[in-house]
Structure formats: C-alpha cells, structure tokens
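One structure below.
The values are calculated or read from the model by the stated rules, or taken from the named source; none is laboratory data. Everything quoted here is computed from the prediction, not taken from an experiment. No Cβ is skipped: glycine too gets one built from the backbone with ideal geometry, and neighbour counts run over all protein chains shown.
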Amino acid sequence: MDPTEHEHDEEQPDGEYRFYVPPEQEGGVYANTLGVWHTAYEFTLDFAAMQPVQPPEDEGGPPIVPCRVVSRVRIPVTLLFDVMRALNDNLTAYESAWGEIKRPEQEEPPE
C-alpha cells in the first residue's frame, strides 16, 4: 500500500453536485454569532441570534448575553478543510467584488 493512501479513504465520485433547498428553508435563518465545539469525529457549529443583554447573575459579574441557537450543523472532521477552503474562496471573491470587509470598531473602555 502506498504510504499516502489510507484504508478508509473513499474515492469521491466525479459529477455535478446540485443542492436543493426545501421550500420551508428557502428564507434561511438569521444568526449573528457562532459557537464551535468538537469531538474526535465531528465539529459542531451552533449558529445563534443574540438576545437582549441580561443583568449579571452575581453582583459585579459580567452581563449575560443569551444566544438562541437557530441552526446546529455537524461536520465530519474529514470535510472541515473543504469548508474552510470554500469560505476562503468566497471571502476572496466577495472582497474582490465589493471591497475589504471591515469589522465594526469597538469602543475603548474609559480609563
């Protein structure tokens, strides 16, 4: 066996992938934050919408920002680099068309 081959590698069929979105999902969901965690076998992405800030649970503690998960996506670790590559390619194309993406500036806390 070639040292670069693995017994569990599967040949991906060549072909045209066509994605179909069920009508009830065509509108998508809004998410403005993302939580990521993993096991040995998969990465889980929790897309969430932040809710109004709640007061701290303990006096002097940080405010609580509830985040309602609107979609949970589990991705096998073997697919993760393809996901990252696709995101990078699309970010590059986006910035070529519409310019650099700039994050909102955060205010400096008063000293």
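For first residues located in region 94-105 and closer than 18 Å to THR33 by Cβ, partners that are surrounded by 10 or more Cβ atoms within 10 Å (Cβ to Cβ) and of a type outside the set (Asp, Glu) and lie 6+ apart or on another chain with Cβ distances below 8 Å form the pairs ILE101/LEU91; ILE101/TYR94.
Among the residues of region 15-51, those that are of a type in the set (Gly, Ala, Ser) and closer than 30 Å to PRO63 by Cβ comprise GLY28, ALA31, GLY35, ALA48, ALA49. Out of GLU24, GLU59, GLU42, one residue alone is more than 30 Å from GLU100 (Cβ to Cβ) and surrounded by 12 or more Cβ atoms within 10 Å (Cβ to Cβ). It is GLU42. Residue check: is ALA31 assigned to a loop (DSSP other than H, G, I, E, B), out of contact with any Pro (no Cβ under 6 Å at 6 or more places or on another chain) and either at pLDDT 95 or above or among the aliphatic types (A, V, I, L, M) (or both)? When the stated conditions are applied, ALA31 passes them. Of everything listed in (1) assigned to a strand (DSSP E or B); (2) over 15 Å from the mean Cα position of the chain (by Cα); (3) not β-branched (Val, Ile, Thr), the single unmet condition for PRO52 is (1). The listed residues are PHE47, PHE43, PHE81, and the only one of them that is farther than 19 Å from GLY28 by Cβ, assigned to a strand (DSSP E or B) and free of Cβ contacts under 8 Å to residues at least 40 places away in the same chain turns out to be PHE43.
In region 56-75, what residues are charged (D, E, K, R) and not in a strand (DSSP E or B)?
Applying the first criterion (charged (D, E, K, R)) to region 56-75 yields 57-59, 68, 72, 74.
Once the filter is applied, which keeps residues that are charged (D, E, K, R) and not in a strand (DSSP E or B), region 56-75 yields GLU57, ASP58, GLU59.
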